[in-house]
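> For reference, the structure I am asking about is given below.
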Amino acid sequence: ADGRIALLGPDVLGLAAELGAVDGPYADLPQPDGGTVLAQLLPDDGRSAVHRALELVRAWVAESRPDSARLVLVTRGAVAAGAGADPDQAAVWGLVRSVQAEHPGRFVLVDVDGAPESLPALAEALSHTDEPQLALVRGGVRVPRMAPAAPTAGAGAFRWPTAGTVLITGASGALGRLVARHLVAEHGVRRLLLTSRRGLSAPGAAEWEAELTALGARVTTASCDVSDRAALAALLAQVPDAHPLAAVVHAAGVLDDGLVGDLTPERLDAVLRPKADAARHLHELTRDARLDAFVLFSSAAGVLGGPGQANYAAANAFLDGLAHHRRALGLPATALAWGRWRGTEEAAGMGGGLDAAGSSRMERAGILPLSPDHGLRLLDLAVGAPEPDPIPLLLDTAALARSSSGAASLPPPLRSLVRRPRRPAEPAADGLRDRLASLPAAERDAAVLLAVRDEAAGVLGYPGPGAVEPDRPFAELGFDSLSAVEFRNRMATATGLRLPSTLTFDHPTPGELATYLRGELAEDTETDVLALVDRLTELAGTVGDSAERTRAARRLRNAAELLASPAASPSAGGPAAELDRFDAQSDDEFFAYLDGQLGDA
């Protein structure tokens with residue numbers, strides 16, 4: 001009731017009574033084998049929900065946890081699968097989606113609809129799926145998936161108002177200017193109210209106003225901070241009664257990218273204000289106006305998440321939630337979760353602020369830029385369509401498949417668009433470990449170094465591992481904070497290890513990193529062997545047939561002799577090396593050879 005956050009253990013319902021005893025942002029309860037930890041994010045009002053989520057995830061990332069421990073954040077009404085989206089809870093999902101992209105496997109999002117039959121399904125859902133995003137709706141479990149959208153009847157037939165006033169926020173930016181010209185030249189809009197922080201003092205603003213006027217529009221350019229509710233109210237009060245406000249296009253926004261470990265509440269608020277707060281003010285101040293359109297320029301980052309964009313993703317997910325909220329109230333709303341735009345000099349969709357290396361990285365990941373003409377055609381299709389939150393995104397599904405180790409490594413919404421290949425494009429989670437086990441010891445160090453150089457080349461867009469010098473620091477090779485995160489995630493997939501976000505900082509050259517990974521993989525292999533021995537010990541008591549028990553005991557004693565002998569090393573020759581030629585033989589042939597070499601025990 002007091003809005004605090006608590007952690008529960010695996011038995012969600014059984015531990016519910018302990019909620020009142022939890023102190024601090026989170027607390028530990030006994031966890032078997034470091035299993036799932038449930039964090040219940042009790043619904044807060046306004047900004048406090050996403051602030052609390054940031055506090056939780058930053059603390060979780062900063063502390064050492066068992067590999068199997070996951071932080072599960074539970075929201076109510078964050079997604080539209082239930083009764084409708086709460087924009088503030090939706091912002092939590094945007095933030096955590098980006099954190100999931102930075103730290104795969106460590107966070108889970110669960111949204112509940114409040115139906116009595118949904119809560120008992122929570123523990124079961126967490127126990128039976130590794131999906132990172134779930135919605136419990138009337139006792140059923142849903143997961144987010146995207147599908148190609150086909151134009152529906154009437155799509156694109158929306159008529160922009162030609163007599164009333166159309167307000168465009170962020171009008172001095174690249175997208176704002178593209179939209180303004182499009183509405184005037186292609187749709188006959190004749191009255192524009194263009195606003196930005198700098199107004200006519202923005203570079204080229206006066207010339208732009210003159211160009212639109214020459215096309216036949218009456219243009220008013222105003223300086224207004226739309227995140228300031230009073231200033232926005234004063235601006236809207238100036239709209240003449242003869243040409244009342246008829247449509248809103250909210251394209252304002254700023255970027256302040258950074259990994260979640262460096263993100264502060266102040267940096268979060270700085271990005272939320274011009275996009276989310278301004279959208280809230282626009283909604284509240286125009287709620288009683290008879291608008292034909294209320295268009296929000298969102299970003300696919302809010303849907304897919306993006307490393308280093310947790311604050312930006314939160315702001316855009318808020319817009320998506322607001323669109324659903326307005327539709328539920330019977331008000332017009334369309335939030336377009338844009339992908340990348342090409343040919344714009346300022347932030348646009350997921351590509352805002354990207355340099356050439358960042359753009360190349362996104363294209364390798366399968367996210368292609370939209371041309372301005374393509375984007376504006378998609379705008380025309382989306383406004384007035386039945387869906388309140390379309391995702392105008394140009395994808396290369398073949399590149400998506402190549403950039404992942406299978407569908408499960410993609411952001412959840414994209415998993416429906418890529419089939420899991422028969423043989424994964426990237427090494428399986430234990431593929432490198434398996435390769436090392438099959439190599440002589442003298443060759444294993446080189447194999448690990450090659451894997452490190454190969455993954456680094458893939459992240460940096462180099463032609464091959466030969467371009468990655470083993471002793472050259474990652475920073476000099478071209479790594480930045482985002483490429484370091486991508487590299488860490490790829491190495492974690494290749495090795496099956498839980499690797500820290502500071503990987504390239506702690507081991508600053510490919511050679512040093514390979515040495516570290518070689519040691520970790522050796523320890524992991526030893527653990528696997530011991531676990532197998534323990535399992536065989538457990539199974540020994542289940543063998544009933546005496547002849548079978550005798551044969552099994554002979555084989556195990558022979559294996560023990562091999563493990564105890566120095567000759568067991570693949571680099572030392574002897575029986576173990578000679579057995580390599582039996583890889584393709586049957587078990588009976590293999591054990592017949594052992595019997596001949598070692599004799600019956």
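> Being without any contact (Cβ under 8 Å) to a residue 24 or more places away in the chain and of a type in the set (Lys, Arg) is the filter here; which residues of the stretch 475-520 pass it?
Arg488, the sole residue that qualifies.
> Yes or no: the stretch 244-255 includes at least one residue that is touching a Pro at 6+ places or on another chain (Cβ under 7 Å) and farther than 29 Å from Thr162 by Cα. Talk me through it step by step, then tell me what you get.
First, pick out the residues of the stretch 244-255 that are touching a Pro at 6+ places or on another chain (Cβ under 7 Å): 246-247, 252-254.
From the residues that got through so far, the ones that are farther than 29 Å from Thr162 by Cα too are 254.
Yes, that holds for at least one residue.
> Now for a different question. Among the numbered criteria (1) modelled with pLDDT of 95 or more; (2) open to solvent by 10 Å² or more (accessible area, probe 1.4 Å); (3) among the β-branched types (Val, Ile, Thr); (4) touching a Phe, Trp or Tyr at 6+ places or on another chain (Cβ under 9 Å), which single criterion is violated by Val248?
Just one mismatch for Val248, condition (2).
> Same structure, new question: Can you tell me which residues in the stretch 33-47 are assigned to a loop (DSSP other than H, G, I, E, B) and at pLDDT below 85? Please lay out each step first, then the result.
The initial filter retains those residues of the stretch 33-47 that are assigned to a loop (DSSP other than H, G, I, E, B), namely 35-36, 41-47.
Residues satisfying the conditions are Gly35, Thr36, Leu41, Leu42, Pro43, Asp44, Asp45, Gly46.
> In the stretch 195-237, which residues are in a helix (DSSP H, G or I), closer than 21 Å to Leu175 by Cβ and open to solvent by 50 Å² or more (accessible area, probe 1.4 Å)?
Looking only at the stretch 195-237, we keep the residues that are in a helix (DSSP H, G or I), and these are 199-201, 205-214, 229-237.
Imposing the further condition that a residue be closer than 21 Å to Leu175 by Cβ reduces the set to 199-201, 205-213, 232, 235.
Scanning the stretch 195-237 gives Leu200, Ser201, Ala206, Glu207, Ala210, Glu211, Thr213.
> Within the stretch 236-256, can you find the residues that are of a type outside the set (A, V, I, L, M, F, W, C) and either in contact with a His (Cβ under 9 Å, 6 or more places away or on another chain) or within 25 Å of Leu379 (Cβ to Cβ) (or both)? Steps first, please.
Step one: of the stretch 236-256, the residues of a type outside the set (A, V, I, L, M, F, W, C) are 238, 240-241, 243-244, 250, 253, 256.
Matches in the stretch 236-256: His243, Pro244, His250, Gly253.
> Just one of Gly366, Gly343, Gly353, Gly384 is at positive phi, modelled with pLDDT under 90 and in contact with a Phe, Trp or Tyr (Cβ under 6 Å, 6 or more places away or on another chain); which is it?
Gly384 is the lone residue from the list that is at positive phi, modelled with pLDDT under 90 and in contact with a Phe, Trp or Tyr (Cβ under 6 Å, 6 or more places away or on another chain).
> Can you tell which of Ala91, Ala78 is outside any loop (DSSP other than H, G, I, E, B) and either open to solvent by 40 Å² or more (accessible area, probe 1.4 Å) or at pLDDT 80 or above (or both)? Reasoning before the result, please.
Values: Ala78 fails: outside any loop (DSSP other than H, G, I, E, B).
Going through Ala91, Ala78 in turn, the sole match is Ala91.
Yes or no, residue by residue, for (1) open to solvent by 10 Å² or more (accessible area, probe 1.4 Å); (2) under 24 Å from the mean Cα position of the chain (by Cα); (3) closer than 18 Å to Arg229 by Cβ:
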| residue | (1), (2), (3) |
| --- | --- |
| Gly253 | yes, yes, yes |
| Asp257 | yes, yes, no |
| Asp262 | yes, yes, no |
| Val303 | yes, yes, no |
| Asn311 | no, yes, no |
| Ala317 | no, yes, no |
| Asp320 | yes, yes, no |
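> Related question: Looking at Arg444, Arg433, Arg453, which is the one that is modelled with pLDDT under 85, outside any loop (DSSP other than H, G, I, E, B) and either open to solvent by less than 60 Å² (accessible area, probe 1.4 Å) or at negative phi (or both)? Outline the logic, then answer.
Details: Arg444 fails: modelled with pLDDT under 85; Arg453 fails: modelled with pLDDT under 85.
Of Arg444, Arg433, Arg453, the one residue that is modelled with pLDDT under 85, outside any loop (DSSP other than H, G, I, E, B) and either open to solvent by less than 60 Å² (accessible area, probe 1.4 Å) or at negative phi (or both) is Arg433.
> Now for a different question. Of all residues in the stretch 292-301, count the ones that are farther than 30 Å from Leu414 by Cα and surrounded by 23 or more Cβ atoms within 10 Å (Cβ to Cβ). Steps first, answer last, please.
First, pick out the residues of the stretch 292-301 that are farther than 30 Å from Leu414 by Cα: 292.
Filter once more, so that each one left must be surrounded by 23 or more Cβ atoms within 10 Å (Cβ to Cβ): none.
Total satisfying the criteria: 0.
> Restricting to the stretch 48-74, what's the tally of residues that are open to solvent by 60 Å² or more (accessible area, probe 1.4 Å) and either in contact (Cβ under 8 Å) with a residue 60 or more places away in the chain or assigned to a helix (DSSP H, G or I) (or both)?
5
> Filter the stretch 124-141 for residues that are in a strand (DSSP E or B) and either open to solvent by 20 Å² or more (accessible area, probe 1.4 Å) or farther than 24 Å from Val99 by Cα (or both) and give the result.
So in the stretch 124-141, the residues in a strand (DSSP E or B) come out as 133-137, 140-141.
Hits for the stretch 124-141 are Val137, Gly140, Val141.
The values are calculated or read from the model by the stated rules, or taken from the named source; none is laboratory data. Please read these numbers as outputs of a predicted model, since none were measured by experiment. Positions of Cβ are generated from backbone atoms using ideal geometry, with glycine treated the same way; all protein chains shown enter the neighbour counts. In case anyone asks, the SASA skips ligands and DNA or RNA and just uses the protein heavy atoms, side chains included. Shrake-Rupley method; radii C 1.70, N 1.55, O 1.52, S 1.80 Å.
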